[in-house]
There are 2 protein chains.
Amino acid sequence: MGRFFVRYSLGASDVADASRQAFDIAVEQTIEFPHDLVTDPHIRDEITGRVESIENINNQRFLATISYDEDTCGTEFTQFINVVFGNSSMKPGVRVESIEPTPAQVAAFRGPQFGVPGIREIVGVFDRPLLCSAIKPMGLDSATLADMAYRFALGGIDFIKDDHGLTDQRSSRFEDRIPMCMEAVERANRLTGRKCLYIPNVTADGCLTLARARFARRAGASAVIVSGALAGLSTLREVALDPEVGLPVFFHPAFCGSYTVCPDSGFSQSAFFGQLMRLACADAVIFPSFGGRFSFSRAQCAEIVEGCRRPMPGVRPVFPAPGGGMNFGNFAESIDFYGNDAIFLIGGGLFRHDPDITRSVSDLLTLVEAEVARIRDGR
Amino acid sequence: MGRFFVRYSLGASDVADASRQAFDIAVEQTIEFPHDLVTDPHIRDEITGRVESIENINNQRFLATISYDEDTCGTEFTQFINVVFGNSSMKPGVRVESIEPTPAQVAAFRGPQFGVPGIREIVGVFDRPLLCSAIKPMGLDSATLADMAYRFALGGIDFIKDDHGLTDQRSSRFEDRIPMCMEAVERANRLTGRKCLYIPNVTADGCLTLARARFARRAGASAVIVSGALAGLSTLREVALDPEVGLPVFFHPAFCGSYTVCPDSGFSQSAFFGQLMRLACADAVIFPSFGGRFSFSRAQCAEIVEGCRRPMPGVRPVFPAPGGGMNFGNFAESIDFYGNDAIFLIGGGLFRHDPDITRSVSDLLTLVEAEVARIRDGR
């Protein structure tokens, strides 16, 4: 069987210490059993993770490359994550830097079904970054939210998503909101001639997530949003691959912050938001951009973008979807930084710019087109 | 509507800074919208999280108590987690210290269906800590694993779980392993007269987790294990509450380390392993004990125990299930520390003590009973 590779950084006093820790990880992530007591040579030499190399990154940190037999995971995504970082997530100072699945794993996990080209095809916009806003705040009723969606769509925005906090509350029931917002956006599309998409949030408990995604599809949705850390990454993947759904899936980062918030544990931004989400079949990955309400740095955002776009044979590139503090003041800079193949999320900034959100969206589109032209013409 | 409370610790320069940050969290976790632009008084004053108090913990850290309207969550567990710590999980330096749900939320979420008394009733052991081992390593075939389960059970152990890395690999298919291990343990039980339970690992992708739990129940299992961070906490809860399953659920901590590994972000041990897992309906919570392969301290383990046992009106106390490095050398100390209402996980230590694992278990039981008697008699 083929072997896949995971690169971990870890804190160690010297190369011998790093090697010992890497071997502990290789054992922990697979046999979880005293290695010297294993008698079966196949389990001892193949099933047990194998430390392939140790490199010094700087005085305190080392990069350990460990390979694992595909058979440790079978074809299950949860078990793949478990081998990559199950128990070792509890070891302080250990961080997943990158993941290199085998071709057979890529074929089994499948990855994003739409990715950048598929989403562009649906929206019909090819020459500029895409724009997304959210209907909110929670507490509004479905009619008010649908009216807000209508006014966003009329301005020419590409996507309108449910705020990730809109699920199935008394103020706005899921099964009421989705058809009402769909209808409102389609009504606006008939006037504008555009293909604005309404993206319902289908995140729910257990198997209800898949049921909501199917409901959204039947109601006419062209994409859905799932908070992967709340619903489970394998649930996001199930939605993306379900033949009755068949829609692009946007990953929302709610509850996932703990995986990347500490510099020396969890995952690198690139491995988590990029590689892992692509293997989980997300087509667009929402994350907090630099300079906003969160404290992701420019370097961290660049890492996420790299993870969304880096070549992974057989796995489509996906849209980085930065948000969390976009406004008219930082939009040009953001386009400069992220380039054309990004989906920009702007919520509060649109309301702040002009209480008439249709005009606000229209002004934003003008700004985006001017900036894209400026960059294209090298001005 | 009632309001529930979450206590966050956060890093701040002074009380004004802490108050400002707490207000940002209160807004982020609910309306995620510029508060000054909210016109509806109900949304502005009730739906928006409310900072109830700010206390200085020490120079650098403050404790912020924020209350949220029940209506922000409805009755969904994923949305409850989202309000507790969705986007704010991405804010460095913010940590959930404790959670205080309302009676209505407790009634909706239900909590552990068995807990400590229910599990003791099933096993029929009331006067000592319970003992659990795991069949492993991965790579063994189902017949060998079943034989191992038989030999563990013959020694008198209370529980035999699948290693959490055993799912549905080529070497041991789920649907073969479960009936074979069930049969082996029942055969041993007929000889010993005890009620040793075999606990299948039903963690799988998406809705397959529930399907595996139902399969396990039909095959005669008396409990199941779910890696909650891999399958999703709401999936664990779905298994626990499913009428076709109706079994105690053991929480395994694979992939959850990032939620507690950093001291100033994520969750406190007590809130995560204790309160959150109880609300997710886990009946026993597996975690790495101090002094083993992981680096949880005694203080952290004490916090977990406190979280498993602390009074939460309407929510049963659950078993702390420490593991990850238990052996004959530290067992007495562990009983001293955790007391009777704990489930001790011992794997490699049993194999290391005596290659005859039946004798090894029997020796361990003797040790445990002697230690329990010593403590009881105050020697």
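The values are calculated or read from the model by the stated rules, or taken from the named source; none is laboratory data. Being a predicted model, the structure only gives us computed values, none of them experimental. As a convention, Cβ positions derive from the backbone with ideal geometry for all residues, glycine included, and neighbour counts pool all protein chains shown.
Among the residues making up the stretch A:34-47, those that are more than 34 Å from the chain's Cα centre (by Cα) and at the interface with chain B (Cβ under 8 Å from one of its Cβ atoms) are A:Pro34, A:Leu37, A:Val38, A:Asp40, A:His42, A:Ile43.
What number of residues in the stretch A:1-18 are touching a residue at least 60 places away in the same chain (Cβ under 8 Å) and of a type in the set (A, V, I, L, M)?
If we filter the stretch A:1-18 for residues that are touching a residue at least 60 places away in the same chain (Cβ under 8 Å), which is where we start, we get A:1-11.
Now drop any that are not of a type in the set (A, V, I, L, M), which leaves A:1, A:6, A:10.
Qualifying residue count, the stretch A:1-18: 3.
Please determine whether any residue of the stretch A:14-21 is of a type in the set (Asp, Glu), away from chain B (no Cβ under 13 Å) and surrounded by fewer than 23 Cβ atoms within 10 Å (Cβ to Cβ). Yes, the stretch A:14-21 has at least one match. All conditions in (1) assigned to a helix (DSSP H, G or I); (2) in contact with an Asp or Glu (Cβ under 9 Å, 6 or more places away or on another chain); (3) of a type outside the set (A, V, I, L, M) hold for A:Phe5, with the sole exception of (1).
For the stretch B:56-98, enumerate the residues that are touching a helix residue (DSSP H, G or I) at 6+ places or on another chain (Cβ under 8 Å), within 28 Å of A:Val226 (Cβ to Cβ), charged (D, E, K, R) and not in a loop (DSSP other than H, G, I, E, B). Of everything in the stretch B:56-98, those that are touching a helix residue (DSSP H, G or I) at 6+ places or on another chain (Cβ under 8 Å), within 28 Å of A:Val226 (Cβ to Cβ), charged (D, E, K, R) and not in a loop (DSSP other than H, G, I, E, B) turn out to be B:Asp69, B:Glu70, B:Asp71. Between B:Arg120, B:Arg170, the distinction of being closer than 22 Å to A:Gly49 by Cβ and free of Cβ contacts under 8 Å to residues at least 24 places away in the same chain belongs to B:Arg170 only. Could you tell me which of the residues B:Gly246, B:Gly232 is facing chain A (nearest Cβ under 9 Å) and of a type in the set (Gly, Ala, Ser)? The match here is B:Gly232.
Looking at the stretch A:202-219 only, could you name the residues that are of a type outside the set (Lys, Arg) and more than 10 Å from every other protein chain (Cβ to nearest Cβ)? Let's see the steps before the verdict.
Filtering the stretch A:202-219 down to residues of a type outside the set (Lys, Arg) leaves A:202-211, A:213, A:215-216, A:219.
Answer for the stretch A:202-219, where residues must be of a type outside the set (Lys, Arg) and more than 10 Å from every other protein chain (Cβ to nearest Cβ): A:Val202, A:Ala213, A:Phe215, A:Ala216, A:Ala219.
If you check B:Gly347 against the conditions, is it under 28 Å from B:Asp147 (Cα atoms), in the same structural domain as B:Ile157 (by TED's automatic domain parsing) and in contact with a helix residue (DSSP H, G or I) (Cβ under 9 Å, 6 or more places away or on another chain)? In short, no.
Looking at A:Ser19, A:Ser53, A:Ser13, just one residue is of a type in the set (S, T, N, Q) and part of a strand (DSSP E or B), and that residue is A:Ser53. Scanning the stretch B:33-55 for residues that are of a type outside the set (A, V, I, L, M) and closer than 15 Å to B:Asp69 by Cα yields B:Pro41, B:His42, B:Arg44, B:Asp45, B:Glu46, B:Thr48, B:Gly49, B:Arg50, B:Glu52. Scanning the stretch B:126-181 for residues that are within 12 Å of chain A (Cβ to nearest Cβ), closer than 25 Å to B:Leu230 by Cα and out of contact with any strand residue (DSSP E or B) (no Cβ under 7 Å at 6 or more places or on another chain) yields a total of 7. Let me spell it out: the conditions are (1) in contact with a strand residue (DSSP E or B) (Cβ under 6 Å, 6 or more places away or on another chain); (2) over 24 Å from B:Asp36 (Cβ atoms); (3) touching a residue at least 40 places away in the same chain (Cβ under 8 Å), and A:Val305 meets all of them except one. Which number is the exception? If we test A:Val305 against (1) in contact with a strand residue (DSSP E or B) (Cβ under 6 Å, 6 or more places away or on another chain); (2) over 24 Å from B:Asp36 (Cβ atoms); (3) touching a residue at least 40 places away in the same chain (Cβ under 8 Å), just (3) comes out false.
When the criteria are applied in full, B:Gly274 fails the requirement of being within 22 Å of B:Ile199 (Cβ to Cβ) and free of Cβ contacts under 8 Å to residues at least 12 places away in the same chain.
A:Asp336: among the acidic types (Asp, Glu) and either farther than 25 Å from A:Ala149 by Cβ or not assigned by TED's automatic domain parsing to the domain that holds A:Ser270 (or both), yes or no? Steps first, please.
Values: among the acidic types (Asp, Glu): yes; either farther than 25 Å from A:Ala149 by Cβ or not assigned by TED's automatic domain parsing to the domain that holds A:Ser270 (or both): yes.
When the stated conditions are applied, A:Asp336 passes them.
Of the set (1) within 14 Å of chain B (Cβ to nearest Cβ); (2) among the small types (Gly, Ala, Ser); (3) crowded, with 23+ Cβ neighbours inside 10 Å, all apply to A:Gly2 but (3). A search for C-beta distances below 8 Å between a residue of the stretch B:258-271 that is more than 7 Å from chain A (Cβ to nearest Cβ) and of a type in the set (A, V, I, L, M) and any residue that is surrounded by 23 or more Cβ atoms within 10 Å (Cβ to Cβ) and part of a helix (DSSP H, G or I), counting only pairs 6+ apart in sequence or on different chains, returns B:Ala271/B:Gly307. Looking across the stretch B:250-298 at every residue that is part of a strand (DSSP E or B) and within 9 Å of the chain's Cα centre (by Cα), the one that is surrounded by the fewest Cβ atoms within 10 Å (Cβ to Cβ) is identified as B:Ile286. For the stretch B:118-230, the strands (runs of 3 or more DSSP E) that sit wholly inside it and include 2 or more residues that are modelled with pLDDT of 95 or more and among the β-branched types (Val, Ile, Thr) are B:224-227. Residues of the stretch B:20-59 that are farther than 23 Å from A:Asp163 by Cβ and touching a residue at least 40 places away in the same chain (Cβ under 8 Å): B:Glu52, B:Asn56, B:Ile57. With respect to the conditions (1) more than 10 Å from chain B (Cβ to nearest Cβ); (2) closer than 17 Å to A:Gly232 by Cα, A:Val305 lacks only one, and its number is (2).
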